[in-house]
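Trainee: Structure below; questions to follow.
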Amino acid sequence: MSLFNLGIKKWPSKNQWRQFLKVLSKKEKVLFFIFLSLALSSFIFLSANFYFKNTEIKPALGGIFVEGILVLSETDFPRFINPIYAPLRDIDQDLTEILFSGLMQYNEKGGIVPDLANCQIQEAGKTYECNLKKNIFWHDGNKLTADDVIFTIKIIQDPEYNSPLRINWLGVEIEKISDLGIRFKLKNPYSPFLENLTLKILPKHIWENISAANFRLSDYNLKPIGSGPYQFKELEKNESGSITSLTLIANPDYFGKKPNISKISFKFFEKEEDLIWAFQEKEIQGFSILDPEYYKFLKENEFCNYSLSLPRYFALFFNPEKSKVLAEKEVREALNYGTNKKEILEKVLANQGEIVDSPILPTIYDFSPPIKIYQFDLEKAKEILDRADFKEKEIGKREKTIKKEAEFQFKSDLKLNSQGKEVEELQKCLAKDPEIYPEGKVTGFFGNLTKEAVIRFQEKYAKDILEPWGFKKGTGLVRKTTRAKLNEICFEKPVEILPLSFSLVTVDQSFLIEIANLLKEQWQVLGAEIEIKTFDISTLEREVIKPRDYESLLFGQVLGSIPDPFPFWHSLQKRNPGLNLALYENKAVDKLLEDGRKMQNFEERAKIYEEFQNILIADAPVVFLCNPNYLYFVSKEVKGIETKIIVDPSKRFSGIENWYIKTRRVWK
């Protein structure tokens, strides 16, 4: 029989529930609410636990990212957001990186991967064939085709447009295969050519009717139309006409992964203090700095510091054509051993970087380290200078005494009836001693009086002149031993004092000046005197580097994703526009560099460049110093930044479509 049949209800009525608490004692009420709270807490905990275990955080669309940019002069403001001129300014490169696309692109690790196209290497590196992806559109809705690619490169190759990229495309033939296909033909195999294909492409339909004379003046340089993940929105200026901010929005028709962050703004600051303040007040979410000194102040604050590696190095380049001291290999070796690179890294760069010992950066390119490394060793450096006859004449100063050959030397056999310049000089020399040539006549004719004077000279210095031949009396003939003594007695050899001193030229940037002063201190211990000269970058490049007018130069060299030391160390690159700043010349190295840039196989290329580095380092034309990291500070609310290695500062935006600010939970 069921409870219902007995008239008993299984579940209390609403009225009975209302009476529930009234029938409970005070103690029972307390216990009831305790157990009720525990039950509810358990339910919430189990539900939440189930939810979090079965869901995951994913980036969500939305959010605004503001980048702070330091502008120290008018040249630092945006002017050419245009791929063919962008390399002239860092900010133009930054914006071009986000607004435009190339056939290939750099990924977060500095590698080269497809972007607009897939490219194949053919004919052992002499031909590159690229096929554009389908349905790629410009920001204005027009379709991107092979014609845009060909137009961009033809513009760069045309000298009337004066693009800084022209040198990269000299001798390259380009032909259209189809609406989406392009073929590049090279005269010789060139393994780094793949980097050329990272060039950002211009829209032909926008630029084709703009003349070369007006190309730099076009409004499209500041209101660009590209095909990248972001597109131009607006530009704001202050009353004086200076740009204060520039805003981009996500490209809804981007052919790749759609960006998460909906808007990116670039805000410009004329003082570093204002930039730092704006970051601390959360007016901006990201910025980069050149001076590592700021890292010491900023690293304790709440943000993410991305210390990015670049394929570059700073070094001191010696110019043997401008300095006799630096033309001596022993001096260059001693300066290498006398350089404390660890101290530079710690004191100047706050350990934000790496010590460099080779021009091919083995850690970045995965090459073997050099056989010879100049480890800091003061005693060895001093020993080398001593062997090279640079002696410490007074405390802290070394110099070398060089005896030179006299301007005139007796070289011919002279005898009775000889005449000419040598006879005249012989008579002048003999006349200096009245006991030898009392007559002192200078006629240029070798007569009896001169012969008698020669005999007296020979007998006076018989030990050096006559005895080696077994003679007792002079012969009056000026031959080998007589000539040697005459040259010793008659002409005092001039002496040149070569102090261990030279000038050091660098850019007027605080961290480079700090490095220069530290080198000066370190080398003073060796007895070297250094004069430091600084210039702004444009003056340095125009008046110092271009004519190679320096004794030593503290400067940086930026390499590519694919190593090619040829422009920096081949003897053909000693003069402008070459980048061989040490004026280095070695035939064996020239051959290796010529072969290396043709090799497509990495292992074969690695062997060549490792051999090159060992020869170069042994010749010591330079003191390799350091590779400072690129310091990029970003608010912790911005996530998804995976960049590790960049080939230039603008590549910090590689993978920007993966950055995100907002998040959401989704079921797994």
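Trainee: Among the residues of the stretch 609-634, write down those that are over 24 Å from I656 (Cβ atoms) and touching a Lys or Arg at 6+ places or on another chain (Cβ under 9 Å).
Mentor: N614, I617, A618, D619, A620, P621, V622, V623, F624, L625, C626, N627
Trainee: Let me ask something else. How many of the residues making up the stretch 381-433 are farther than 15 Å from A453 by Cα, out of contact with any strand residue (DSSP E or B) (no Cβ under 9 Å at 6 or more places or on another chain), of a type in the set (D, E) and part of a helix (DSSP H, G or I)?
Mentor: The number of residues fulfilling the criteria is 1.
Trainee: Of everything in the stretch 536-549 that's of a type outside the set (V, I, T) and within 18 Å of the chain's Cα centre (by Cα), which residue is surrounded by the most Cβ atoms within 10 Å (Cβ to Cβ)?
Mentor: First, pick out the residues of the stretch 536-549 that are of a type outside the set (V, I, T): 536, 538, 540-543, 546-549.
Those left that are additionally within 18 Å of the chain's Cα centre (by Cα): 536, 538, 540-541, 546.
On the way: D536: 12, S538: 10, L540: 20, E541: 14, K546: 12.
Result: L540.
Trainee: A further question on this structure: Residue under question is F457, and the condition is that it be more than 30 Å from L625 (Cα to Cα) and not basic (K, R); does it hold?
Mentor: Yes, satisfied.
Trainee: A follow-up question, please. Inspect the stretch 411-418 for any residue being in contact with a helix residue (DSSP H, G or I) (Cβ under 7 Å, 6 or more places away or on another chain), within 27 Å of E459 (Cα to Cα), of a type outside the set (A, V, I, L, M) and modelled with pLDDT under 90 and give the result as yes or no. Break it down into steps so the answer makes sense when it comes.
Mentor: The first filter runs over the stretch 411-418 and keeps only residues in contact with a helix residue (DSSP H, G or I) (Cβ under 7 Å, 6 or more places away or on another chain), leaving 412, 414, 416.
Going one step further and asking which of them are within 27 Å of E459 (Cα to Cα), we end up with 412, 414, 416.
From what's left, of a type outside the set (A, V, I, L, M): 412.
This time we only want the ones that are modelled with pLDDT under 90, so: none.
Within the stretch 411-418, not a single residue is in contact with a helix residue (DSSP H, G or I) (Cβ under 7 Å, 6 or more places away or on another chain), within 27 Å of E459 (Cα to Cα), of a type outside the set (A, V, I, L, M) and modelled with pLDDT under 90.
Trainee: Is there a residue in the stretch 345-354 that is out of contact with any Leu (no Cβ under 6 Å at 6 or more places or on another chain) and under 30 Å from R483 (Cα atoms)?
Mentor: So far as the stretch 345-354 goes, no, none of its residues is out of contact with any Leu (no Cβ under 6 Å at 6 or more places or on another chain) and under 30 Å from R483 (Cα atoms).
Trainee: Can you pull out every residue in the stretch 107-136 that is farther than 16 Å from S227 by Cα and part of a strand (DSSP E or B)?
Mentor: I112, V113, N118, C119, Q120, I121, Q122, T127, Y128, E129, C130, N131 - these are the residues of the stretch 107-136 that are farther than 16 Å from S227 by Cα and part of a strand (DSSP E or B).
Trainee: If you take the residues in the stretch 208-234 that are outside any loop (DSSP other than H, G, I, E, B) and among the aliphatic types (A, V, I, L, M), which one is surrounded by the most Cβ atoms within 10 Å (Cβ to Cβ)?
Mentor: That would be A212.
Trainee: Could I ask something else about it? Of everything in the stretch 644-668 that's assigned to a strand (DSSP E or B) and more than 17 Å from T363 (Cα to Cα), which residue is farthest from the chain's Cα centre (by Cα)?
Mentor: From the stretch 644-668, those assigned to a strand (DSSP E or B) are 645, 660, 662-667; that's our starting set.
With the extra rule that they be more than 17 Å from T363 (Cα to Cα), the set shrinks to 660, 662-667.
Values: Y660: 30, K662: 36, T663: 37, R664: 41, R665: 43, V666: 44, W667: 46 Å.
This residue is W667.
Trainee: Quickly run through the stretch 611-637 and pick out the residues that are surrounded by fewer than 19 Cβ atoms within 10 Å (Cβ to Cβ) and modelled with pLDDT of 95 or more.
Mentor: Result: E611, N614, I615, A618, D619.
Trainee: Tell me, yes or no, whether the stretch 265-287 has at least one residue that is surrounded by 13 or more Cβ atoms within 10 Å (Cβ to Cβ), under 25 Å from T152 (Cβ atoms) and not aromatic (F, W, Y).
Mentor: No, every residue in the stretch 265-287 fails to be surrounded by 13 or more Cβ atoms within 10 Å (Cβ to Cβ), under 25 Å from T152 (Cβ atoms) and not aromatic (F, W, Y).
Trainee: Here's something else I'd like to know. With respect to the numbered conditions (1) out of contact with any strand residue (DSSP E or B) (no Cβ under 7 Å at 6 or more places or on another chain); (2) modelled with pLDDT under 95; (3) farther than 19 Å from P192 by Cα; (4) not assigned by TED's automatic domain parsing to the domain that holds Q280, which one is the sole condition not fulfilled by I537?
Mentor: (1)
Trainee: If you take the residues in the stretch 471-504 that are out of contact with any helix residue (DSSP H, G or I) (no Cβ under 6 Å at 6 or more places or on another chain) and within 30 Å of Q557 (Cβ to Cβ), which one is surrounded by the most Cβ atoms within 10 Å (Cβ to Cβ)?
Mentor: It comes out as L500.
Trainee: Of all residues in the stretch 371-395, count the ones that are buried (at least 20 other Cβ atoms within 10 Å of the Cβ) and within 21 Å of I615 (Cβ to Cβ).
Mentor: So the answer is 2.
Trainee: Quick check: is even one residue across the stretch 157-174 crowded, with 17+ Cβ neighbours inside 10 Å, touching a residue at least 60 places away in the same chain (Cβ under 8 Å) and within 21 Å of G256 (Cβ to Cβ)?
Mentor: Checking the stretch 157-174: not a single residue is crowded, with 17+ Cβ neighbours inside 10 Å, touching a residue at least 60 places away in the same chain (Cβ under 8 Å) and within 21 Å of G256 (Cβ to Cβ).
Trainee: A further question follows. Name the residues in the stretch 335-373 that are of a type in the set (G, A, S) and under 22 Å from L512 (Cα atoms), would you? Quick ask: steps written out before the conclusion?
Mentor: As a first pass, look at the stretch 335-373 and keep what is of a type in the set (G, A, S): 338, 350, 353, 358, 368.
Matches in the stretch 335-373: G338, A350, G353, S358.
Trainee: Going through the stretch 50-76 one residue at a time, which ones are closer than 16 Å to N260 by Cβ and part of a loop (DSSP other than H, G, I, E, B)?
Mentor: Within the stretch 50-76, L61, G62, G63 qualify.
Trainee: Same structure, new question: Take S552 and decide whether it is polar (S, T, N, Q), surrounded by 21 or more Cβ atoms within 10 Å (Cβ to Cβ) and either modelled with pLDDT of 95 or more or over 23 Å from A334 (Cα atoms) (or both).
Mentor: yes
The values are calculated or read from the model by the stated rules, or taken from the named source; none is laboratory data. The shown structure was predicted, so the numbers you read here are calculated from the model rather than taken from an experiment. Here the Cβ is made from the backbone with ideal geometry for all residues, glycine too, and neighbour counts use every protein chain on show.
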